[in-house]
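The values are calculated or read from the model by the stated rules, or taken from the named source; none is laboratory data. All of these numbers come straight from a predicted model, not from anything done at the bench. Backbone-built Cβ (ideal geometry, glycine too); neighbour counts: all protein chains shown. Calculation scope for accessible area: heavy atoms of the full protein, side chains included, ligands and nucleic acids excluded. Shrake-Rupley method; radii C 1.70, N 1.55, O 1.52, S 1.80 Å.
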Amino acid sequence: MDMHAPAFATHDPLRVRNLTRRFGENTVLDALNLDLAPGSFTALLGRSGSGKTTLLRTLAGLDEAPHEARLDLPRPAAVVFQEPRLLPWKKVWQNVVLGLPSAGARRRAAQALTEVGLDHRQDVWPATLSGGEAQRAALARALVREPRLLLLDEPFAALDALTRIRMHALVLDLWRHHGPTTLIVTHDVDEAVLLADRVLVLDGGRIAADIAVDLPRPRAHADAGFAALRRRLLTELGVDQQEAA
Amino acid sequence: MPDTQVAAAPRQLAPRASATTAPARLPATARKPAAQRWRRFASPLVLVVLWQAASMAGLIPPRTLAAPTTVLASTWELIETGELPYHLLVSLGRVLTGFTLGVTTGAALALVAGLSRLGEEVVDAPMQMLRTMPFLALVPLFILWFGIGETPKIALVALGATFPVYLTLFAGIRGTDPKLAEAARVFGLDRRGLIRHVILPGALPSALVGLRYALGSAWLSLVIAEQINATAGIGFLINDAREFLRTDVIVVGLVVYALLGLGADALVRLVERRALAWRPGLLKA
């Protein structure tokens, strides 16, 4: 753990036992077990079709968990999807507080939007936002609920490289201030190593690798440990180093 | 209008910078230059002038089509005698009553069918069957059922308005983006909240298109309905004029029909502009 880890992560851990998900013949998650420490930042890597998103959806409560599985999940949970999924017919601030009681909603929306650097865009329609701005709004919408579990489903995959760098810094910043147990699903090894304390590789429906990231933040690609970790994760993902180089 | 400044491109360096550097777009209310607007009226005007000239030269006998000046004079006369306002009010009353009835019925049925599986099974099949039938073919049956008073006329208008509203609202409800619905569910909306904040606003663009169709259909129904033994209304005015070969009065009636349709359409478009201000197309218009 580095020294920037949140100091007030006192809530419950996340525990998953014996989670199996099948779609027809295809076993996507196979008696999966998972523990996440309170306030930790974990990245979940895996090839496409490895069940990353299925796991995240189950943790979010979007998919029903089967009976034999045991799930202890911190609540409330909030999700940031790959697409911003803002309601186009509601102003940005209204999107942020969607589903929350209306008392004080405006003030809370303003606060959350200020935190993500969008205070000047509160009163516009989502259609006028850029991709990065829309994803910031989606982050604000998640944060305003003060989640104990923050689930990020490839949230930056659709953004350009420069915007993504800014978003990485923002997410780390928010995580430090609010301290939710955070799980980011990504297919980007660099992103995983840049952000997380711990990287999990999902393969064959189980956690195939569980690697602690002991690099001080802020991290950079040039750091000594970075390249080694990156290589190791790529090997876990079955990528030939020749190809990767 | 809210801030219509649009971030120039999604791939900008800094979101904050984009708001200040993006070129300000014209406000959505900006209109075409006046000259361009007037040019659109030029060719209809030329046609009217040609018509007048042909009438004066005796090329178009008044029995076939009255001259524009005669039509104007007759319009004035009909207004002065109070005849036109009277018939206009009768027609408007029929359309308003029938349209309101039809839109209410169509919307109610669409909500039932759109928001529940059972509702769809019960409502949608008969509606889809009925809509394939040209509803104006029901006139003889309506006369048998409702006689020749106001009821069949209003019923016909209502029927004409029901189907477009039903079809478009139903399609709009079913066209809800499942991803948006899912996100709304994650963020704590229950079924009522989902209908109110996600499904119905999402169906609105489609429903408003339906409303415009419904208006057109309602006018059409009115024209047909007013041929059924009417004793008042624009349709009666036209039929009565036919008996006396008054082509000028017939043209007045036609123009009134056209203007009413145009006005109604403009009204719905105004509603559209206000209710759908969030749409990217309208933001840039």
Residues to consider are A:Ala103, A:Ala137, A:Ala110; find the one that is at pLDDT 95 or above and more than 13 Å from chain B (Cβ to nearest Cβ).
A:Ala110
Within segment A:74-100, work out how many residues are small (Gly, Ala, Ser) and within 7 Å of another protein chain (Cβ to nearest Cβ).
1
Consider A:Glu64 carefully, then state whether it is open to solvent by 20 Å² or more (accessible area, probe 1.4 Å) and either of a type in the set (Gly, Ala, Ser) or without any contact (Cβ under 8 Å) to a residue 12 or more places away in the chain (or both).
yes
Filter segment A:34-53 down to the residues that are under 17 Å from A:Arg17 (Cα atoms), outside any loop (DSSP other than H, G, I, E, B) and open to solvent by 10 Å² or more (accessible area, probe 1.4 Å) and list them by number.
A:Asp35, A:Lys52
Among the residues of segment B:173-198, which ones are in contact (Cβ under 8 Å) with a residue 40 or more places away in the chain and open to solvent by less than 30 Å² (accessible area, probe 1.4 Å)?
B:Ile173
Quick check on A:Leu143: is it surrounded by 20 or more Cβ atoms within 10 Å (Cβ to Cβ) and within 8 Å of chain B (Cβ to nearest Cβ)?
no
What residue, of A:Arg21, A:Arg15, is charged (D, E, K, R), at pLDDT 90 or above, surrounded by fewer than 16 Cβ atoms within 10 Å (Cβ to Cβ) and not in a loop (DSSP other than H, G, I, E, B)?
A:Arg15
In this structure, does B:Gly119 turn out to be free of Cβ contacts under 8 Å to residues at least 40 places away in the same chain, more than 24 Å from the chain's Cα centre (by Cα) and under 16 Å from B:Gly233 (Cα atoms)?
no
Test set (1) without any contact (Cβ under 8 Å) to a residue 24 or more places away in the chain; (2) acidic (Asp, Glu); (3) at the interface with another protein chain (Cβ under 10 Å from one of its Cβ atoms); (4) open to solvent by 60 Å² or more (accessible area, probe 1.4 Å) - A:Asp173 fails condition number:
(3)
Scan segment A:19-67 for residues that are farther than 13 Å from A:Ala208 by Cβ and acidic (Asp, Glu) and jot them down.
A:Glu25, A:Asp35, A:Asp63, A:Glu64
Selection from segment A:146-165 of residues open to solvent by less than 30 Å² (accessible area, probe 1.4 Å) and within 10 Å of chain B (Cβ to nearest Cβ) yields A:Leu151, A:Leu159, A:Asp160, A:Thr163
Looking at (1) open to solvent by less than 30 Å² (accessible area, probe 1.4 Å); (2) within 14 Å of another protein chain (Cβ to nearest Cβ); (3) free of Cβ contacts under 8 Å to residues at least 24 places away in the same chain, which one does B:Ala277 not meet, given that it meets all the others?
(3)
Top-ranked residue in segment A:122-134 [being open to solvent by less than 20 Å² (accessible area, probe 1.4 Å) and more than 7 Å from chain B (Cβ to nearest Cβ); ranked as nearest to A:Asn95 (Cα to Cα)]
A:Pro126
Select from segment A:77-113 the residues that are open to solvent by 30 Å² or more (accessible area, probe 1.4 Å) and in contact (Cβ under 8 Å) with a residue 60 or more places away in the chain and list them in ascending order.
A:Gln82, A:Glu83
